[in-house]
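Novice: Pasting a structure here, questions to come.
Please treat every number below as a calculation from the coordinates, not as lab data. Small disclaimer: the values here were computed from a predicted structure and weren't measured. Positions of Cβ are generated from backbone atoms using ideal geometry, with glycine treated the same way; all protein chains shown enter the neighbour counts.
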């Protein structure tokens, strides 16, 4: 599925419009995230947020904590390993990964032309352009040869995919045998009476099609992806959204995202898979 099909054009248009937005405002360090954060001590975090001066810095740090938590599931990349950042946003994850693993070659794709340009500029500023590259492309029709990647990172990007089976098949094509795929995603709780309600609110605001967990557990195997690990991060991310709600200067979606995770109508899961071709 190319980046210019109607659905992905709509996704791209959303992110083309997000420039000096909440995510940008938080990123004093130049690392712009497009994902949730993790807060392990909700009461202490809320007290610190109430202090005011460093509130947005604390929110940003909790988002960086999510990235670092997820990176552990990638394992320790081999020298000169190649990683695909599928749905790279403005390059936040890729920049952190490049800092962490000095030999890692990273290719990021996003359907937003603005995001791809912003990510390239951020990599250049940090002196990383030689091994961290970004392009406007769909992760459902990757512009790479088969067997190109040892690792695939997809942090809060699969929510934008209409059919996850296409994503799993295309990443399996582009990845080498034995590759590791890490997905972090908002997931609709199909057993919760409010799951559809909150998923619909998020879908409308973020141009997503939030999936139930069954699609992350049943679909991957047909393409060779085998589930190796899973983590439920709903509690720490519910505390993050509660802090954003208390901040009163966020994106405007906190009013439904905070209760969605607090009630577990939406859950926040990490899935790690290994590829067996």
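Novice: Put one equal scatterer on each alpha carbon of region 6-275, apply the Debye formula with no solvent term, and list log10 I(q)/I(0) at q = 0.14 1/Å to two decimals.
Specialist: Treating every Cα as an identical point scatterer, log10 I(q)/I(0) equals -0.97.
Novice: Which one, 187, 109, 11, has the greatest fluctuation when you compute a Gaussian network model over the chain with C-alpha springs under 10 angstrom?
Specialist: Among 187, 109, 11, the largest GNM mean-square fluctuation belongs to 11.
Novice: On to the next question. Give, in nm to one decimal, the length gained when the segment between residue 10 and residue 69 is fully stretched (0.36 nm per residue of separation minus the Cα-Cα distance).
Specialist: Details: separation 59, 0.36 × 59 = 21.24 nm, distance 3.04 nm.
Gain in length upon complete extension: 18.2 nm.
Novice: Could you put 125, 253 in order, starting from the residue whose Cβ has the fewest other Cβ atoms within 10 Å? Walk me through the intermediate numbers first.
Specialist: Numbers: 125 11, 253 18.
Least crowded to most crowded, the residues run 125, 253.
Novice: Let me ask something else. For 150, 54, what's the fewest-to-most ordering of other Cβ within 10 Å of each Cβ? Don't skip to the end; give the middle numbers.
Specialist: Values: 150 22, 54 12.
Going from least to most buried by this count: 54, 150.
Novice: Still on this structure, please answer the following. Give me the one-decimal nm value for the distance between modelled label points at residue 61 and residue 177, 7 Å along each residue's Cα-to-Cβ direction.
Specialist: Each label point lies 7 Å from its Cα, and together they span 4.6 nm.
Novice: Order of 155, 88 from fewest to most other C-beta atoms within 10 Å? All intermediate terms of the calculation are to be shown ahead of the outcome.
Specialist: Details: 155 25, 88 29.
The order, fewest Cβ neighbours first, is 155, 88.
Novice: Taking 0.36 nm per intervening residue step and subtracting the Cα-Cα distance, what contour gain separates residue 44 from residue 163 on full extension? Could the numbers behind the result be given before it?
Specialist: On the way: separation 119, 0.36 × 119 = 42.84 nm, distance 3.99 nm.
Between residue 44 and residue 163, full extension yields an extra 38.9 nm.
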